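Right, one structure below, let's go through it.
The values are calculated or read from the model by the stated rules, or taken from the named source; none is laboratory data. These figures come from a predicted structure and were not determined experimentally. As a convention, Cβ positions derive from the backbone with ideal geometry for all residues, glycine included, and neighbour counts pool all protein chains shown.
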Amino acid sequence: MIKARGKIGFHSFLRSRFWAIFFLVSLLIGIRWTKGAGYLDFYSILLKPILPGTAQKEWIMEGLNTERNILIKLLEEDNNRLRRALSLKEFNSEQRISAAVISRSSRNWWKQLEINKGSKNGILKGQTVIGPGGLVGLIDSVTPLTARVRLLTDPGHKVGAWIDRAKSHGILTGMGTDRPKLIFLNKNSLAEIGDIVTTSPASSLLPPNLTIGIVKFVNEKALPSPYAIVQLTASPGAIDWIQVLKNDDQK
């Protein structure tokens, strides 16, 4: 009788061990098959009541605050850079003279234009002329009632230019076409297509950081210096009005 009971108990032990092994193997196969998804879900449910704890919440908040501060700083830097690049410097009405374009030379359509303001309105030779989009050119000659603007595209017209991203200085030279050439002063310009070109911050002839255009082509292998072709943001063909910036001694 005792032997029979022992035999039954042994078989029961084997059966329970079999099912335990079977369950363990099935669990391992399930984890392998689902790549642990079910196990992770189960583990997450178990930990959910206790996580995140107080310390974890503080770490999370500190991380979020740090990330937010970094993003705010980056946005401020981008905003300042874009404001410089897009010439968002404030010029009040006392610093500029608005004028309408009254004619363009048929032989030099992209090179010069006439405006309806002259010396009686405070226009002087050499003053900076801007339009919708940025720099247009300089006042070339003046009469009492009108003035002539020499455009950036006029052959041989040169102004100092700057690419802030690459920290590169250059000379913007008119070629008689709607896209002037930017000749860099360094052998390696580091300029790229899409770079924003502005007036040089070191220029004494023009106000700094006025928008000129966008780089459309770069030739780093050109001799004696690399150059870029610039698409003007103030398109000469679309200019109907301009603004003349007064000199410092006129303000």
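Picking from 154, 178, 164, which residue would you name as being in contact (Cβ under 8 Å) with a residue 24 or more places away in the chain, over 27 Å from residue 112 (Cβ atoms) and charged (D, E, K, R)?
The match here is 164.
Given the criteria touching a helix residue (DSSP H, G or I) at 6+ places or on another chain (Cβ under 9 Å), within 22 Å of residue 132 (Cα to Cα) and outside any strand (DSSP E or B), does residue 154 qualify? Spelling it out, it is not the case that residue 154 is touching a helix residue (DSSP H, G or I) at 6+ places or on another chain (Cβ under 9 Å), within 22 Å of residue 132 (Cα to Cα) and outside any strand (DSSP E or B). The strands (runs of 3 or more DSSP E) falling completely within region 87-142 that include 3 or more residues that are at pLDDT 95 or above map to 134-142.
Total residues in region 192-223 satisfying the condition of being of a type in the set (Gly, Ala, Ser) and either over 21 Å from residue 129 (Cβ atoms) or part of a strand (DSSP E or B) (or both): the figure is 3. Could you tell me whether residue 189 is polar (S, T, N, Q), over 13 Å from residue 135 (Cα atoms), in the same structural domain as residue 125 (by TED's automatic domain parsing) and without any contact (Cβ under 8 Å) to a residue 60 or more places away in the chain? It is true that residue 189 is polar (S, T, N, Q), over 13 Å from residue 135 (Cα atoms), in the same structural domain as residue 125 (by TED's automatic domain parsing) and without any contact (Cβ under 8 Å) to a residue 60 or more places away in the chain. When residue 237 is tested against (1) closer than 30 Å to residue 94 by Cα; (2) surrounded by fewer than 19 Cβ atoms within 10 Å (Cβ to Cβ); (3) without any contact (Cβ under 8 Å) to a residue 40 or more places away in the chain; (4) not aliphatic (A, V, I, L, M), just one condition goes unmet, and that condition is (3). Determine, yes or no, whether residue 151 is modelled with pLDDT of 95 or more and either over 13 Å from residue 211 (Cβ atoms) or of a type in the set (Ser, Thr, Tyr) (or both). The answer is no for residue 151. Against the definition (closer than 30 Å to residue 118 by Cβ, charged (D, E, K, R) and surrounded by 15 or more Cβ atoms within 10 Å (Cβ to Cβ)), how does residue 246 come out, yes or no? Criteria met by residue 246.
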